[in-house]
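Enquirer: Input: one structure, supplied below.
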Amino acid sequence: MSSERTRDFGRYVAAADDDVIICRCEEVAKGEIRRAVRDGLFTVHEVRRLLRCGMGLCQGNTCARLVRGIIARELGVAADSLVEATGRAPARPLEMRVFAREQGL
Amino acid sequence: MTRYDLIVIGAGPAGLSAAAEAAGAGLRVAVFDENAKPGGQLFKQIHKFFGAKEHKAKIRGVKIGAELLAEAEKRGAEVFLNSPVAGLYKEREILVRRGEGVGHYKGDAIIVATGAQENMPAFAGWTLPGVMGAGAAQTLMHLHRVKPGKRVLMLGSGNVGLVVGFQLRQAGCELAAVLDAAPRIGGYGVHAAKLARTGVPFYLSHSIVRAWGTDKVTGVVAGEVDGGWNFIPGREKQFEVDTVCIAAGLAPATQLLKMAGCAMRAAGADWLPVCSAVGETSLPGVYAAGDVSGIEEASSAMIEGRLAGGAAARKLGFIGPDEYEERRQVLLAALASLREGMFAPQKRGQISAQTDEGIDLSQTLLRKGYLEEGEVGKYPGVKPAAGIHPVIECTQNIPCNPCRDACPQGCIKVTGGIAALPEYDDRAGCAGCGLCVAVCPGQAIFLLNEDAGDGLAEVTAPYEFLPLPQKGELGAALARSGEKLCPAEVVRVKLAPAFDRTALVTFRVPRDFAMRARFWQKEAAA
Ligand SMILES: Cc1cc2nc3c(=O)[nH]c(=O)nc-3n(C[C@H](O)[C@H](O)[C@H](O)COP(=O)(O)OP(=O)(O)OC[C@H]3O[C@@H](n4cnc5c(N)ncnc54)[C@H](O)[C@@H]3O)c2cc1C
Ligand code: SF4
Ligand code: SF4
């Protein structure tokens with residue numbers, strides 16, 4: 001399925017709503033995600049690494065589900081067959097100055 | 001590094017209940033929440049809750065939150081606010097922001113009760129200011145006392161959309177319409193009926209094509225969708241609104257569980273933690289409770305919290321096996337009773353045509369948000385009677401029964417399970433006290449006196465808008481659909497401590513309108 005690297009899902013074809021922003025933190029548009037899938041990135045992980053969607057301030061709280069839906073539709077698979085992105089700290093935005101100030105160790 | 005027997009992440013209904021239960025068993029408990037106020041979603045829920053007594057039915061959400069906090073603190077749990085948890089690691093360690101630094105805490109058990117986040121659909125213009133989650137609108141209104149906008153469009157007809165829609169009306173906003181892409185209203189019929197009778201239209205099988213505006217939203221194009229949720233060309237409608245509220249469902253906030261390495265399973269469009277009946281995840285000593293383990297209700301979240309809190313207490317040896325098992329059975333039974341009825345989580349996606357009693361469900365209620373006059377009489381809560389009597393327009397099997405407990409005369413029966421339809425027993429003799437009207441969280445009960453003299457009838461309806469009408473004030477009587485029926489004079493406005501701030505407004509209408517008039521509207525707005 002999504003790991004079949006050789007499978008041809010067809011080329012990217014522009015769509016009317018390609019310029020709708022999906023990840024507002026990193027300003028990634030729908031068309032960029034669709035194109036990335038057609039270029040061979042079949043997992044939430046890979047798309048996130050290429051485009052940074054879900055890596056911004058909110059850590060994908062808003063867009064993760066949308067991104068998964070778009071990838072699934074491009075691949076023609078059910079959304080729940082796509083594994084979610086890994087959860088990583090910090091799960092909430094932390095300034096580096098705060099992060100660096102360890103208390104009571 | 002500070003150690004606790006139990007660390008709870010999230011001070012919502014699930015987290016506070018877990019903390020109260022565990023602290024009561026003697027555990028040293030710390031609760032961390034990123035908000036400035038405890039209670040999670042509860043501190044925004046100004047409406048009365050469904051359920052039975054043991055689920056805190058008929059109490060307003062905010063008050064339930066305050067009670068839970070008091071219970072947890074009295075039992076010795078420490079609640080830390082303004083404390084976002086940024087990491088949950090192996091060996092049950094958490095990283096928390098505290099002021100201008102970060103702290104590390106370790107728990108022998110951890111309960112993750114982080115709730116949920118709102119789903120956002122991506123239509124053109126969804127990033128414009130003025131487009132917001134229904135939860136955000138609630139935060140603005142109830143926490144910051146700011147009106148989200150003047151004229152609002154609500155997308156989503158689940159309970160969140162319906163409840164927040166009503167609260168927007170209470171805050172003085174106009175509600176242009178409630179849209180839903182599904183062909184049926186998703187939330188409780190009684191919640192929809194509350195909105196419909198104030199004149200709010202429902203557009204089912206409709207979604208937003210785009211929102212427009214330059215600096216902020218000024219309008220929306222909505223369109224009708226087919227069974228596959230594709231827009232049907234030529235079926236667009238425009239709404240001039242300055243605010244769009246999105247109530248398109250919630251997704252469990254599982255980030256911390258995933259980070260810790262808990263096993264997850266796909267469930268529809270979401271991934272949920274794999275949990276035991278008491279909420280233990282695949283990592284021993286790490287539990288999930290409340291919406292984070294699957295979206296439900298505050299009432300179920302509180303029980304799940306107690307189950308997890310009890311399980312942690314048992315695991316760490318604070319309570320014995322017998323005591324634990326006894327308590328566990330009580331809680332599991334309470335949880336099962338909440339999961340009765342046509343909206344139960346295990347029935348999601350199924351469509352029933354009839355109530356458990358074998359009465360046809362109102363299709364108008366499912367599509368337009370109100371009951372047709374001709375069908376009201378089919379339901380057991382509606383019986384013609386002489387003198388003053390209740391008319392109970394509660395027609396779907398929902399887990400709720402405070403009306404029964406409220407009636408001092410024993411006029412209202414909910415028999416054969418909490419989700420059964422309430423029945424009016426006309427032999428018991430209604431005293432007209434109005435308690436049933438005031439406690440009903442669905443605002444579905446009215447009092448009728450069809451013979452108030454001069455060919456007039458008196459209708460008593462629950463009223464939760466300010467300013468309250470005055471005795472003698474002339475307004476308009478509206479039908480269930482919100483249609484204006486006739487001028488109507490207010491003859492009584494009753495408030496009592498037992499009504500918990502729901503006023504009972506009695507107005508006079510011609511007798512023919514007795515079974516039609518269900519809302520009194522101020523003349524200025526009419
Ligand atoms: C409009 C609306 C109306 C509702 N009406 C009803 C009703 O009538 N009856 C009913 O039973 N239910 C109702 N509900 C549902 C109910 O509010 C939720 O099911 C319930 O609040 C879930 O409880 P919880 O404890 O799991 O999560 P929440 O109440 O969401 O609490 C989670 C808490 O965790 C905190 N948190 C999350 N992540 C972190 C982190 N990383 N660090 C620190 N803190 C964190 C959050 O700040 C929050 O305080 C309603 C919900 C909405 C939105
Ligand atoms: S008005 Fe009072 S007596 Fe009559 S049904 Fe309601 S609760 Fe019972
Ligand atoms: S009529 Fe009774 S069962 Fe129905 S919503 Fe009101 S209180 Fe609940």
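Enquirer: Would you kindly calculate the mean projected area, averaged across all directions, of the convex hull enclosing the Cα atoms of the range A:21-99, in square nanometres?
Expert: 4.9
Enquirer: Counting only DSSP beta bridges with both residues in the range B:120-246, what percent are antiparallel, rounded to the nearest 5?
Expert: Around 40 percent antiparallel, to the nearest 5.
Enquirer: Let me ask another. How many percent of DSSP beta bridges within chain B run antiparallel, rounded to 5?
Expert: Among the beta bridges of chain B, antiparallel pairing accounts for roughly 65 percent.
Enquirer: Using only the C-alpha atoms of chain B, find the volume of their convex hull and express it per residue in Å³.
Expert: 153
Enquirer: Taking only C-alpha pairs under 8 Å that are 6+ residues apart, what is the relative contact order of the range B:1-130 in percent?
Expert: 32
Enquirer: What FRET efficiency would be calculated for the residue pair residue A:80, residue B:143, taking the C-beta separation as r and a Förster radius of 41 Å, to the nearest 0.05?
Expert: Between residue A:80 and residue B:143 the formula returns 0.75.
Enquirer: Please give me the summed charge of the neighbours of residue B:143: other residues whose Cβ is under 11 Å from its Cβ, Lys and Arg +1, Asp and Glu -1.
Expert: Summing Lys and Arg as +1 and Asp and Glu as -1 gives +3.
Enquirer: How big is the charge dipole of the range B:120-246 about its Cα centre, in debye rounded to the nearest 20, if each Lys and Arg gets +1 on its Cβ and each Asp and Glu gets -1 on its Cβ?
Expert: Around 380 debye, computed over the range B:120-246.
Enquirer: Moving to a separate point now. Which loop-located GluC sites (Glu not before Pro) does the range B:48-136 contain, where loop means any DSSP state but H, G, I, E or B and the Cβ has at most 10 other Cβ atoms within 10 Å?
Expert: Filter output for the range B:48-136: B:100.
Enquirer: Okay, moving on. Express in nm, to one decimal, how much length is gained between residue B:486 and residue B:276 on full extension, taking 0.36 nm for each residue of separation and deducting their alpha carbon distance.
Expert: Full extension of this stretch gives 69.9 nm more.
Enquirer: What is the spin-label model distance, in nm, from residue B:263 to residue A:11 if the labels are put 7 Å beyond Cα along the C-beta direction?
Expert: Between residue B:263 and residue A:11, the label points sit 4.6 nm apart.
Enquirer: Please compute the per residue accessible area over chain B with all protein chains in place, 1.4 Å probe, rounded to a whole number of Å².
Expert: I get 39 Å² per residue for chain B.
Enquirer: I've got another one for you. To the nearest 10 degrees, how steeply does helix B:321-338 sit against the main Cα axis of chain B, on a 0 to 90 scale?
Expert: Taking Cα atoms only, the helix is inclined about 30 degrees.
Enquirer: Which FRET efficiency value, to the nearest 0.05, do you get for residue B:226 and residue B:174 by plugging their Cβ-Cβ distance into 1/(1 + (r/R0)^6) with R0 = 22 Å?
Expert: Efficiency, rounded to the nearest 0.05: 0.15.
Enquirer: Give the average, rounded to an integer, of partner chain Cβ atoms located within 10 angstrom of each Cβ in A:63-69.
Expert: 4
Enquirer: Go through the range B:361-414 and name the GluC sites (Glu not before Pro) that are in a DSSP coil and have 16 or fewer other Cβ atoms within 10 Å of their Cβ.
Expert: B:372
Enquirer: To continue, here is another question. Within 10 Å of each candidate Cβ there may be at most 12 other Cβ atoms; applying that plus a DSSP loop requirement, which GluC sites (Glu not before Pro) in the range B:400-465 survive?
Expert: Those that pass, being in a loop and sparsely packed, number zero.
Enquirer: Once you put a point 7 Å from the Cα of residue B:431 and another 7 Å from the Cα of residue B:216, both along the Cβ direction, what distance in nm separates them?
Expert: Going by the 7 Å Cα→Cβ label model, 5.1 nm.
Enquirer: Could you work out which residue, out of A:80, A:18, A:39, moves most in a Gaussian network model of chain A, that is, has the largest mean-square fluctuation with Cα springs under 10 Å?
Expert: Among A:80, A:18, A:39, the largest mean-square fluctuation in the Gaussian network model of chain A belongs to A:80.
Enquirer: Compactness ratio of the range B:23-126: Cα Rg over 2.2 N^0.38 Å, N = residue count?
Expert: 1.29
Enquirer: Quick one: 3J(HN,Hα) in Hz for the range B:464-473, Karplus 6.51/-1.76/1.60 with θ = phi - 60°, rounded, Gly and Pro as x.
Expert: Along the range B:464-473, the couplings run 10, 10, 10, x, 5, x, 9, 4, x, 6 Hz.
Enquirer: Report the relative contact order of chain B, percent, no decimals, based on alpha-carbon pairs under 8 angstrom and at least 6 residues apart.
Expert: Here the relative contact order equals 14 percent.
Enquirer: Considering every residue in A:24-32, what mean count of other chain Cβ atoms within 10 Å of its Cβ is obtained?
Expert: Shielding by partners across A:24-32 averages 1.
Enquirer: Tilt of helix B:61-74 relative to the longest C-alpha principal axis of chain B, in degrees (0 to 90, nearest 10)?
Expert: Between the helix axis and the principal axis of chain B, the angle is about 30 degrees.
Enquirer: Given H placed 1.01 Å from N in the peptide plane, which residues other than close sequence neighbours of residue B:131 have an amide H under 5 Å from its amide H?
Expert: Here B:217, B:244 satisfy the definition.
Enquirer: If you count, for every residue in A:50-59, the Cβ atoms of partner chains within 10 Å of its Cβ, what is the mean?
Expert: Mean shielding by partner chains, rounded to a whole number: 0.
Enquirer: Output the direction-averaged projected area (hull surface divided by four) of the convex hull of the alpha-carbon atoms of the protein assembly as shown, in nm².
Expert: 29.6
Enquirer: On the protein heavy atoms, probe 1.4 angstrom, tell me the percent of accessible surface of the protein assembly as shown carried by carbon and sulfur.
Expert: 51
Enquirer: Restricting to the protein assembly as shown, compute how many DSSP beta bridges are antiparallel as a %, nearest 5.
Expert: Restricted to the protein assembly as shown, the bridges split so that about 65 percent are antiparallel.
Enquirer: Give the list, by residue number, of cysteines in chain A with no other Cys Cβ closer than 4.7 Å, or say none.
Expert: For chain A, the answer is A:25, A:58, because their Cβ atoms have no other cysteine Cβ under 4.7 Å.
Enquirer: What accessible area, summed over both chains, is buried at the A-B interface (1.4 Å probe, Å², nearest 100)?
Expert: Summed over both sides, the interface buries about 2900 Å².
The values are calculated or read from the model by the stated rules, or taken from the named source; none is laboratory data. Keep in mind it's a predicted model, so treat the numbers as computed, not measured. Heads up, the Cβs are rebuilt from the backbone with ideal geometry, glycines too, and the neighbour counts pull from every protein chain shown. SASA here: full protein model, heavy atoms, side chains in, ligands and nucleic acids out. Shrake-Rupley method; radii C 1.70, N 1.55, O 1.52, S 1.80 Å.
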